[in-house]
Number of protein chains: 2
Amino acid sequence: MEKIIDKVTSITRIKVNKCDIQKILASILRTRNFWGVLDLSNLPFNVVVQAVKELEKNGLLKLSNSYISLTKKGMEFCQREKITPPESFTCPFCQGRGISTEKLKDLLERFKKIVKDRPEPIIQYDQGYVTEESTISRIALMADRGDIQGKDLIILGDDDLVSIAASLSTFPKRVVVLEVDQRLIDFINSVARSEGFEIETYHHDLKNKLPENLVSNFDTFLTDPPETIAGLEVFIGRGLTALKGAGSAGYFGLTLIESSLKKWQEFEKILVGNFKVAVTDIIRDFNTYLNWDYLLESIRNDLPPLKRKPKINWYRSSMFRIETLEDTSIIPNEDVSGKDLYVDREALIYTKERWRDVD
Amino acid sequence: MEKIIDKVTSITRIKVNKCDIQKILASILRTRNFWGVLDLSNLPFNVVVQAVKELEKNGLLKLSNSYISLTKKGMEFCQREKITPPESFTCPFCQGRGISTEKLKDLLERFKKIVKDRPEPIIQYDQGYVTEESTISRIALMADRGDIQGKDLIILGDDDLVSIAASLSTFPKRVVVLEVDQRLIDFINSVARSEGFEIETYHHDLKNKLPENLVSNFDTFLTDPPETIAGLEVFIGRGLTALKGAGSAGYFGLTLIESSLKKWQEFEKILVGNFKVAVTDIIRDFNTYLNWDYLLESIRNDLPPLKRKPKINWYRSSMFRIETLEDTSIIPNEDVSGKDLYVDREALIYTKERWRDVD
């Protein structure tokens, strides 16, 4: 086992421990679906894939097409180590969000109809959108926390079309979207026109500083940041720059698939140590993403299941809520250049270019 | 409004902002129950009480017996400021926990029966226990996260009797309790005897260092710490000292009633900056406390509703889950002395001694 841990750590350069390998084996005891194992393990994609590869080499599991299962040796190992399949106690009514969309049923139906012709995710902008239920749950969450009713809301990057859901809800006073993808800008504008509400859209790359007229103008921001430390820092920093001051709120997702817990800790240190906000909520698996078309072409494909499009929604993120305090840092509103906001060792897309180097 | 904000800040010495006062007024639009306002405001007790006092002096609200309501002037103010009552989107099936206890229904029933004769909370140890549903939800949460099945569990202070619920569930391999109150030790021991399971109990004050034989022995700890920074640091520190290393988990509650968001941020800084753990979950209002007998004698009583025992469960806490990493700090296992772990300016009990000074 030590050998496998060391191998996975040295190849992925993500620190792996015994519990991680146990989690992967436990997940395989629960499901034969490879993408399900990725979902259940709550570990970086690259760690799970590499560990599966090493476990296969060591005869503990076997792979065929989309399926993964333990060998006799693997089963015996699990018995010896007392590894048992994970049990879910997730509330089936809210899918574990703790938030009900029951009061927003009509909104959900209208939203579903309107977004039918939405632009599909493209690789260029690291896109991938959440289910309609996830988007409406975000509205319900912000409403539950009092962060949207009569408030000024800014969305930083909006392939999830939260701006449309928010406007349909009639909760916010003002909705502003910054988006780099002209297709989304056009779509949001055309929906706003036909539905008769106002969404202010800015064609804007968040690498560039916030338009001055938006600085310190909002009660609430929402964003789905790229998960490098630089990306998180820039996106959340822009959000904070847009907020009015103490008592404002920010919402964003963070996965365990493209972010190790080490990265979570580093980023949380930035939130509470540098930005000086309080983290008030972290809701596990709040956001469920629909599989995006470019997935398979963007990731490593050195295992059979990685060549077949997943049939389940396996990519999920936790929802963070942060709140600004009297002494929350004012972040310089500057362009960033030269920083790669999108790719680090834990990014899905990273594995495409690099796994060959080390295999 | 500025005057009220300044007054509340200067008297409570807790920094108050405009949004805070708005939250209090919004809560009064939702409920006439004074304790309900304390629950809904999500602000420190002393801030709400002092703000209510100032708002009453300024003619925005009135108090009578247990009730609180806005005056005409108060209603007009809310209209002008577009303050609307908070709306709940809490999932009614899991009470917002995201965790279902459906699979543990029998456990809940057995637990309820067994704890009927439990010792009542006493002021000496800052006690106050959670509902049986909250305790069983903790078991379900730990089970959902894979932190209890076949694991070694330590409970640091157990007036909630989590050790009994955990043992009844048969999930953990080992259950250890450290508890300063001999009554609870006796109760837990007698239940363990009559139910025929083993709970290792230690009569122990957490100000004193962890018994050496318990250091680095556990997969999971759970505690309900006193909410001073010193108290949080000592209790969570002891928990971490008890854990085996990377991939272990800790659970504890934190309120918005005795901890301002400023304190949350400071404490979160300790967690991720000093202890170097990752915060993986923060679940709002996970724990609901039953009203404890000594409440009224332990708090300020300078408003009529503060003289009447609450009829609703108003005191709730968020549930934190933390996970240890490779580089989580090893905390010196030492006695602490001279530190007051139980009382700071935000503690309920603080208001008893001090409100007179400033009124």
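The values are calculated or read from the model by the stated rules, or taken from the named source; none is laboratory data. Note that the structure is predicted; figures quoted are calculated from it, not measured. Note that each Cβ is placed from the backbone with ideal geometry, even for glycine, and that neighbours are counted across all protein chains shown. SASA here: full protein model, heavy atoms, side chains in, ligands and nucleic acids out. Shrake-Rupley method; radii C 1.70, N 1.55, O 1.52, S 1.80 Å.
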Quiz item: Got a sec? Which of B:66, B:100, B:88 is open to solvent by 20 Å² or more (accessible area, probe 1.4 Å) and more than 9 Å from chain A (Cβ to nearest Cβ)?
Solution: B:66
Quiz item: Is one or more of the residues making up region B:244-253 farther than 29 Å from residue A:98 by Cα and assigned by TED's automatic domain parsing to the domain that holds residue B:348?
Solution: yes
Exercise. Search region B:112-146 for residues being acidic (Asp, Glu) and within 14 Å of chain A (Cβ to nearest Cβ), and hand back the single one that is least open to solvent (accessible area, probe 1.4 Å).
Key: B:144
Practice problem: Examine region A:228-236 for a residue that is within 14 Å of chain B (Cβ to nearest Cβ), open to solvent by 10 Å² or more (accessible area, probe 1.4 Å), out of contact with any Gly (no Cβ under 8 Å at 6 or more places or on another chain) and closer than 23 Å to residue A:338 by Cα, and state whether such a residue exists. | Solution: yes
Quiz item: Give me the pairs: first residue in region A:276-287 and facing chain B (nearest Cβ under 7 Å) and small (Gly, Ala, Ser), second residue part of a strand (DSSP E or B) and open to solvent by 10 Å² or more (accessible area, probe 1.4 Å), beta-carbon distance under 7 Å, and six or more apart or on different chains, which are they?
Solution: A:278/A:323
Quiz item: Out of all the residues in region A:168-227, which are surrounded by 15 or more Cβ atoms within 10 Å (Cβ to Cβ), part of a helix (DSSP H, G or I) and over 25 Å from the mean Cα position of the chain (by Cα)?
Solution: A:191, A:192, A:214
Quiz item: Going by the conditions given, is residue B:352 in a helix (DSSP H, G or I), within 13 Å of another protein chain (Cβ to nearest Cβ), touching a Lys or Arg at 6+ places or on another chain (Cβ under 8 Å) and in contact (Cβ under 8 Å) with a residue 40 or more places away in the chain?
Solution: no
Quiz item: What number of residues within region B:12-23 are open to solvent by 30 Å² or more (accessible area, probe 1.4 Å) and either away from chain A (no Cβ under 14 Å) or in a helix (DSSP H, G or I) (or both)?
Solution: 4
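Go through the residues of region A:147-158 one by one and say whether even a single one is in a helix (DSSP H, G or I) and open to solvent by 10 Å² or more (accessible area, probe 1.4 Å). Walk me through how you get there before you give the answer.
Of region A:147-158, the ones in a helix (DSSP H, G or I) are none.
Scanning region A:147-158 turns up no residue that is in a helix (DSSP H, G or I) and open to solvent by 10 Å² or more (accessible area, probe 1.4 Å).
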Exercise. Say whether the condition of being crowded, with 23+ Cβ neighbours inside 10 Å and in contact (Cβ under 8 Å) with a residue 40 or more places away in the chain is met by at least one residue in region A:266-274.
Key: yes
Quiz item: Do the conditions hold for residue B:299, that is, is it closer than 23 Å to residue A:41 by Cα, in the same structural domain as residue B:124 (by TED's automatic domain parsing) and either modelled with pLDDT under 95 or open to solvent by less than 10 Å² (accessible area, probe 1.4 Å) (or both)?
Solution: no
Quiz item: Quick one: what pairs do we get from region A:182-198, first residue of a type in the set (S, T, N, Q), second in a loop (DSSP other than H, G, I, E, B), C-beta under 9 Å, 6+ apart or different chains?
Solution: A:189/A:199
Practice problem: Name the helices (runs of 4 or more DSSP H) wholly inside region B:24-142 in which the number of residues that are more than 23 Å from the chain's Cα centre (by Cα) is 2 or more. | Solution: B:45-57, B:72-80, B:105-114
Practice problem: Considering only residues that are of a type in the set (A, V, I, L, M) and open to solvent by 40 Å² or more (accessible area, probe 1.4 Å), look in region B:305-349 and name the one that is farthest from the other protein chains (Cβ to nearest Cβ). | Solution: B:349
